[in-house]
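Here is the structure we will look at, set down as structure tokens.
The values are calculated or read from the model by the stated rules, or taken from the named source; none is laboratory data. This structure is a prediction, so every number in the text was calculated from the model and none was measured. Cβ sites come from the backbone with ideal geometry, for glycine too, and all protein chains shown count toward neighbours.
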Number of protein chains: 2
Amino acid sequence: MQPHALTAAEAAAQIRAGSLTAEALLRSCLERIEAREPVTRAFLHLDVELALRRARELDKRQAFGAAMGPLHGLPFAVKDVFDTKDMPTTLNSPIYEGFQAGRDAAAVAVVRALGALIIGKADTVEFASTGRKALSTNPYNARHTPGGSSSGSAAAVGDFMAPLSFGTQTAGSLIRPASFCGIYGMKPSWQLVSREGLKNSSATLDTVGWYGRSVADLALVASAYGVVTPEAPSVRGLRVGLCRSPVWNRIEPSGEAALSAAAQRLERAGAIVTDLTLPGEFAGLPDARTLIGDYEGGAAFLPEALVFGDAFAPALRSKATDRAKLSTSDVMAAYNLADACRPRFDALFGAELDVVLTPAAPGEAPEGLHTVGDWVFNGMWTLLHVPCVGIPCTRGPAGLPVGVQLVGPRLNDARLLAIASACAPVIDEDPEFGRRTLLG
Amino acid sequence: MQPHALTAAEAAAQIRAGSLTAEALLRSCLERIEAREPVTRAFLHLDVELALRRARELDKRQAFGAAMGPLHGLPFAVKDVFDTKDMPTTLNSPIYEGFQAGRDAAAVAVVRALGALIIGKADTVEFASTGRKALSTNPYNARHTPGGSSSGSAAAVGDFMAPLSFGTQTAGSLIRPASFCGIYGMKPSWQLVSREGLKNSSATLDTVGWYGRSVADLALVASAYGVVTPEAPSVRGLRVGLCRSPVWNRIEPSGEAALSAAAQRLERAGAIVTDLTLPGEFAGLPDARTLIGDYEGGAAFLPEALVFGDAFAPALRSKATDRAKLSTSDVMAAYNLADACRPRFDALFGAELDVVLTPAAPGEAPEGLHTVGDWVFNGMWTLLHVPCVGIPCTRGPAGLPVGVQLVGPRLNDARLLAIASACAPVIDEDPEFGRRTLLG
């Protein structure tokens, strides 16, 4: 198997064992990028020479017994809303063209300190918000979106260009692209990872997360942030709450099929799957999320609105200029609803429930690059600050992947990863689909 | 009166009227800095030539009818935890010595776009947290602290070096130094101002705020962030809740005297002052604040702990290394308590209450630069996300200023500023104390 076909966890094991070098892994990824990037367009910036120098430095450290940590030598693509000390950070916005931050974003600094190899900046919806879209395409069909806003990050991992990447989620920007690109994604609990050095759009919502090609990959990155994943529990007897969510009317047939398949497979494996209907007030969460995003976006985008004026994307500029039109009492009601629902959701777990199974997206990736799909099945979980893991499941009518997500209570990221590692082999019945389809 | 003796609002009016230039105001501030800085040590970085060039550019714009906004020509000191595109950002930490950010923090970019003149970076407690202290001294007695962590920011405004400055508050880093230095301070509602481009220590707590020498000064800066302060209401009939707070056992005689004086003066002016006892569960907020700060600080300081190791301040490094020792259920309980108390506090207002009057600090500034005083009377309000305005009130036994604070419900910053502008002339019976004492 070519090194770029390995999962991050597989590659890390080979590097540790000395059977793979950081340079060999990188060169294999670079070959894949060279072959596919004209179509997939995952990257806004790639510095091959820099990456090769770093890979050799990592190999040198390893050779002299000074490996840097659990991510030693693993190539990482970074969504271009994270500051990086050695590459431009443009947010896919013409107003930040060529901008060079002096320092790594906190999330990037952590993985770099543990040996990760930052290879490039991935395309993104402008400001990870509602500006212009990425040019990135779905690895399985370039006429379809990879999802967004973490478009290039999901496409790069899905298309075997990098084993790992960083994204962010403010509505559904991590878990939805994972579903569209047939990969694994993690949106951890709010504030598990510092957002310092990221362009802000909402203090309550913005969440750093990552992509990989297995639950072990997700757990490997999580370990960098102090999450120690325990032994996977048995699927037999696991209490799974099947949550169609208050926005079930937005599901598509392929999304419904994926959720049903995941539930049936888990049941067949001995899990106890029961319907979970959330309390009535949870139906207000999607709108509360939008209002909080608009209110906080008004503060976040004010500098650009003032400094760049008409040159700044109108959809974002209007968040700053229209903030005063929002009703203070409506905004407070939105905050209060979220604050009230969080402990209610967490309280569902423990005695009655181990994990929630819920759609990752309405269905397979829509056609066209003018859209990144609908975040409606993600926004509620982002606002609840709960950890979510996206897992591939089935294929839709166009042959594109469709995933589901597992959700746990706040701050229980380690337990959720353990449950996901037990459930993933059951839910993801064809783990070789990506390699077989894309690598032949 | 020398220009450096003017409040920001007075100076802004003169600049608008054409009777004062940005350069003349700056030169006057620079003279004051030259005379006092060897003792007050407010600044970590000052670029006189750059400031003068900018002042002339602002005067040129004004002369040709292109004034930049309400802050045109007003000198600003910036706490050295905010990124500035043209000056180093060191966080008072040796590990960031000489670090140059590529971009202004959002809060700074906004005031700069509206004409503010950034003159320098103010000393701070390391990382605005619990590292080494600033060298800054109290303008009224250099053997005493100006408070912290916004030490230099408060000292600069208190000592007439700059009419305005930026600080931050995570526990009590804005309102307490305002009290110690005899100035006005504002901690706005959480997320009124974006924190992008600031060193994070806690996503739930970190709040950008500012200092001035009048409520009009505070309102002027607030206007940059979209807060339109309405007409001041009458003090007569104003319903003031006198809140000794759940930590009243930590008050000192000078703090108690200031609170009593403020209450009596307001009553004499016709306000209806009644004791406000908060619901019992509010007593848990100070500890909840500490726990949330520790938990989120663990994420915030992880990059420095990994990258700089032993060179990073031990008190901060331990937040990262000890995070795993915190109990997840305790942290969730802390979040849930704060989330439950916020709407309960907001609900006190309206029908029954217009504003809360509460201590700004235990008493006058303690002696010694090894301490920045106790934040115990501030932390609860920071966690509640409510706006606070610090107002000078009396003098303590050592002759140092002692203030009080007014607190309003979340997102009602404009109304709180209007109430403060009505109450300040009543509470602050000797508004010339600073000029008389320090400027002679």
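So, B:THR168, is that one closer than 17 Å to A:GLU196 by Cβ, at pLDDT 95 or above and either touching a helix residue (DSSP H, G or I) at 6+ places or on another chain (Cβ under 8 Å) or away from chain A (no Cβ under 13 Å) (or both) or not? First the steps, then the outcome.
Details: closer than 17 Å to A:GLU196 by Cβ: yes; at pLDDT 95 or above: yes; either touching a helix residue (DSSP H, G or I) at 6+ places or on another chain (Cβ under 8 Å) or away from chain A (no Cβ under 13 Å) (or both): yes.
Criteria met by B:THR168.
Considering only residues that are more than 14 Å from every other protein chain (Cβ to nearest Cβ) and among the aliphatic types (A, V, I, L, M), look in the stretch A:180-205 and name the one that is farthest from B:ALA106 (Cα to Cα). Break it down stepwise before answering.
Initial filter on the stretch A:180-205 (more than 14 Å from every other protein chain (Cβ to nearest Cβ)): A:180-187.
Those still in the list that are among the aliphatic types (A, V, I, L, M) too: A:183, A:186.
Numbers: A:ILE183: 35, A:MET186: 28 Å.
Among those that are more than 14 Å from every other protein chain (Cβ to nearest Cβ) and among the aliphatic types (A, V, I, L, M), it is A:ILE183.
Among the candidates B:ALA300, B:ALA324, B:ALA320, B:ALA333, single out the residue that is at the interface with chain A (Cβ under 10 Å from one of its Cβ atoms) and touching a Phe, Trp or Tyr at 6+ places or on another chain (Cβ under 6 Å). Don't jump to the end; show me each part of the working.
Values: B:ALA300 fails: touching a Phe, Trp or Tyr at 6+ places or on another chain (Cβ under 6 Å); B:ALA324 fails: touching a Phe, Trp or Tyr at 6+ places or on another chain (Cβ under 6 Å); B:ALA333 fails: touching a Phe, Trp or Tyr at 6+ places or on another chain (Cβ under 6 Å).
Selected residue: B:ALA320, the only one of B:ALA300, B:ALA324, B:ALA320, B:ALA333 that is at the interface with chain A (Cβ under 10 Å from one of its Cβ atoms) and touching a Phe, Trp or Tyr at 6+ places or on another chain (Cβ under 6 Å).
Could you check A:LEU383 against (1) within 14 Å of another protein chain (Cβ to nearest Cβ); (2) surrounded by fewer than 24 Cβ atoms within 10 Å (Cβ to Cβ); (3) within 16 Å of the chain's Cα centre (by Cα) and say which number it fails?
(2)
Does the stretch A:295-319 hold any residues that are closer than 19 Å to B:THR207 by Cα and assigned to a helix (DSSP H, G or I), and which are they? I'd like the intermediate steps shown before the answer.
Residues of the stretch A:295-319 closer than 19 Å to B:THR207 by Cα: A:295-303.
Residues satisfying the conditions are A:TYR295, A:GLU296, A:GLY297, A:GLY298, A:ALA299, A:ALA300, A:LEU302, A:PRO303.
Within 11 Å of chain A (Cβ to nearest Cβ) and either surrounded by fewer than 21 Cβ atoms within 10 Å (Cβ to Cβ) or in contact with a Leu (Cβ under 6 Å, 6 or more places away or on another chain) (or both) - does that describe any residue in the stretch B:265-272? Give the steps one after another, and end with the answer.
Taking the stretch B:265-272 first, the residues within 11 Å of chain A (Cβ to nearest Cβ) are none.
For the stretch B:265-272, residues within 11 Å of chain A (Cβ to nearest Cβ) and either surrounded by fewer than 21 Cβ atoms within 10 Å (Cβ to Cβ) or in contact with a Leu (Cβ under 6 Å, 6 or more places away or on another chain) (or both): absent.
Looking only at the stretch B:72-86, which residues are touching a Leu at 6+ places or on another chain (Cβ under 8 Å) and either farther than 23 Å from B:ARG213 by Cβ or surrounded by fewer than 24 Cβ atoms within 10 Å (Cβ to Cβ) (or both)?
Within the stretch B:72-86, B:HIS72, B:ASP83, B:ASP86 qualify.
If I filter the stretch A:243-254 for residues that are at pLDDT 95 or above, closer than 21 Å to A:SER149 by Cα, within 14 Å of chain B (Cβ to nearest Cβ) and in a helix (DSSP H, G or I), do I get at least one hit?
no
Can you name the residue in the stretch B:276-297 that is of a type in the set (Val, Ile, Thr) and more than 12 Å from every other protein chain (Cβ to nearest Cβ) and is also surrounded by the most Cβ atoms within 10 Å (Cβ to Cβ) among such residues? Before you say what the answer is, go through the steps one by one.
Our first condition is that a residue be of a type in the set (Val, Ile, Thr); within the stretch B:276-297, this holds for B:277, B:290, B:292.
Applying the additional criterion that residues be more than 12 Å from every other protein chain (Cβ to nearest Cβ) yields B:277, B:290.
On the way: B:THR277: 12, B:THR290: 14.
So the residue we want is B:THR290.
Could you tell me whether the stretch B:320-329 includes any residue that is within 27 Å of the chain's Cα centre (by Cα) and either over 30 Å from B:VAL235 (Cβ atoms) or of a type outside the set (Ser, Thr, Tyr) (or both)?
Narrowing the stretch B:320-329 to residues within 27 Å of the chain's Cα centre (by Cα): B:320.
Next, only the ones that are either over 30 Å from B:VAL235 (Cβ atoms) or of a type outside the set (Ser, Thr, Tyr) (or both) stay: B:320.
Scanning the stretch B:320-329 turns up at least one residue that is within 27 Å of the chain's Cα centre (by Cα) and either over 30 Å from B:VAL235 (Cβ atoms) or of a type outside the set (Ser, Thr, Tyr) (or both).
From (1) loosely packed, with under 14 Cβ neighbours inside 10 Å; (2) under 18 Å from A:CYS388 (Cα atoms); (3) away from chain B (no Cβ under 14 Å), pick out the condition that doesn't hold for A:ARG236.
Here A:ARG236 meets the rest and fails (2).
When the stretch B:72-95 is examined, which residues are found to be of a type in the set (Gly, Ala, Ser) and within 16 Å of the chain's Cα centre (by Cα)?
Initial filter on the stretch B:72-95 (of a type in the set (Gly, Ala, Ser)): B:73, B:77, B:93.
The answer is B:ALA77, and nothing else.
Can you name the residue in the stretch B:108-117 that is in contact with a helix residue (DSSP H, G or I) (Cβ under 7 Å, 6 or more places away or on another chain) and within 14 Å of chain A (Cβ to nearest Cβ) and, of all such residues, is nearest to A:PRO88 (Cα to Cα)? Don't jump to the end; show me each part of the working.
Keep residues of the stretch B:108-117 that are in contact with a helix residue (DSSP H, G or I) (Cβ under 7 Å, 6 or more places away or on another chain), which gives B:109-111, B:113-115, B:117.
Within this subset, residues satisfying the condition of being within 14 Å of chain A (Cβ to nearest Cβ) are B:109-111, B:113-115.
On the way: B:ALA109: 20, B:VAL110: 23, B:VAL111: 25, B:ALA113: 24, B:LEU114: 27, B:GLY115: 28 Å.
Selected residue: B:ALA109.
If you go through the stretch A:1-24 one residue at a time, how many are part of a helix (DSSP H, G or I), under 12 Å from A:PHE160 (Cα atoms) and touching a residue at least 60 places away in the same chain (Cβ under 8 Å)? So that I can check it myself, show each step before the final result.
Narrowing the stretch A:1-24 to residues part of a helix (DSSP H, G or I): A:3-5, A:8-17, A:22-24.
Keeping just the survivors that are under 12 Å from A:PHE160 (Cα atoms) gives A:3-5, A:8.
If we keep only those that are touching a residue at least 60 places away in the same chain (Cβ under 8 Å) too, we end up with A:4-5, A:8.
The total comes to 3.
How many of the residues making up the stretch A:239-260 are hydrophobic (A, V, I, L, M, F, W, C) and either over 18 Å from A:THR274 (Cα atoms) or in contact with a helix residue (DSSP H, G or I) (Cβ under 7 Å, 6 or more places away or on another chain) (or both)?
Matching residues across the stretch A:239-260 total 4.
Tell me which residues, restricted to the stretch B:25-45, are outside any helix (DSSP H, G or I) and buried (at least 19 other Cβ atoms within 10 Å of the Cβ).
Kept after step one, since they are outside any helix (DSSP H, G or I), are these residues of the stretch B:25-45: B:41-45.
Within the stretch B:25-45, B:ARG41, B:ALA42, B:PHE43, B:LEU44 qualify.
Sort out which residues of the stretch A:54-102 are within 18 Å of A:GLY148 (Cβ to Cβ), within 14 Å of another protein chain (Cβ to nearest Cβ) and out of contact with any helix residue (DSSP H, G or I) (no Cβ under 6 Å at 6 or more places or on another chain), and write them in order of number.
A:THR89, A:TYR96
Report yes if some residue within the stretch B:265-274 is closer than 24 Å to B:LEU337 by Cα, out of contact with any helix residue (DSSP H, G or I) (no Cβ under 7 Å at 6 or more places or on another chain) and free of Cβ contacts under 8 Å to residues at least 12 places away in the same chain; otherwise report no. Spell out the reasoning first.
Here is the first cut: in the stretch B:265-274, the ones closer than 24 Å to B:LEU337 by Cα are none.
No, because not a single residue in the stretch B:265-274 is closer than 24 Å to B:LEU337 by Cα, out of contact with any helix residue (DSSP H, G or I) (no Cβ under 7 Å at 6 or more places or on another chain) and free of Cβ contacts under 8 Å to residues at least 12 places away in the same chain.
Can you work out which of the residues in the stretch B:141-187 that are in contact with an Asp or Glu (Cβ under 9 Å, 6 or more places away or on another chain) and of a type in the set (Phe, Trp, Tyr) is surrounded by the fewest Cβ atoms within 10 Å (Cβ to Cβ)?
Among those that are in contact with an Asp or Glu (Cβ under 9 Å, 6 or more places away or on another chain) and of a type in the set (Phe, Trp, Tyr), it is B:TYR184.
Within the stretch A:96-124, can you find the residues that are modelled with pLDDT of 95 or more, outside any strand (DSSP E or B) and hydrophobic (A, V, I, L, M, F, W, C)?
A:ALA105, A:ALA106, A:ALA107, A:VAL108, A:ALA109, A:VAL110, A:VAL111, A:ALA113, A:LEU114, A:ALA116
Across the stretch A:260-284, which residue is nearest to A:VAL355 (Cα to Cα) among those that are over 25 Å from the mean Cα position of the chain (by Cα) and in a helix (DSSP H, G or I)?
The qualifying residue nearest to A:VAL355 (Cα to Cα) is A:GLU267.
Looking only at residues that are over 26 Å from the mean Cα position of the chain (by Cα) and among the acidic types (Asp, Glu) in the stretch A:24-64, which one is nearest to A:LYS121 (Cα to Cα)?
That would be A:GLU49.
Which residue, of B:VAL221, B:VAL228, B:VAL208, is farther than 21 Å from B:PRO392 by Cα, hydrophobic (A, V, I, L, M, F, W, C), within 14 Å of another protein chain (Cβ to nearest Cβ) and touching a residue at least 60 places away in the same chain (Cβ under 8 Å)?
Working: B:VAL221 fails: farther than 21 Å from B:PRO392 by Cα; B:VAL208 fails: farther than 21 Å from B:PRO392 by Cα.
None of the other options fit; the residue is B:VAL228.
Scanning for something at pLDDT below 95 and either within 14 Å of another protein chain (Cβ to nearest Cβ) or under 15 Å from the mean Cα position of the chain (by Cα) (or both), does the stretch A:128-151 turn up at least one residue? Step through it out loud before you land on a result.
From the stretch A:128-151, those at pLDDT below 95 are A:128-132; that's our starting set.
Filter again for either within 14 Å of another protein chain (Cβ to nearest Cβ) or under 15 Å from the mean Cα position of the chain (by Cα) (or both), leaving A:128-129.
Yes, the stretch A:128-151 has at least one match.
Run B:ALA105 past the list (1) within 14 Å of chain A (Cβ to nearest Cβ); (2) within 18 Å of B:ASP374 (Cα to Cα); (3) not charged (D, E, K, R) and report the number of the one that doesn't hold.
Looking at each condition in turn, B:ALA105 falls short on (2).
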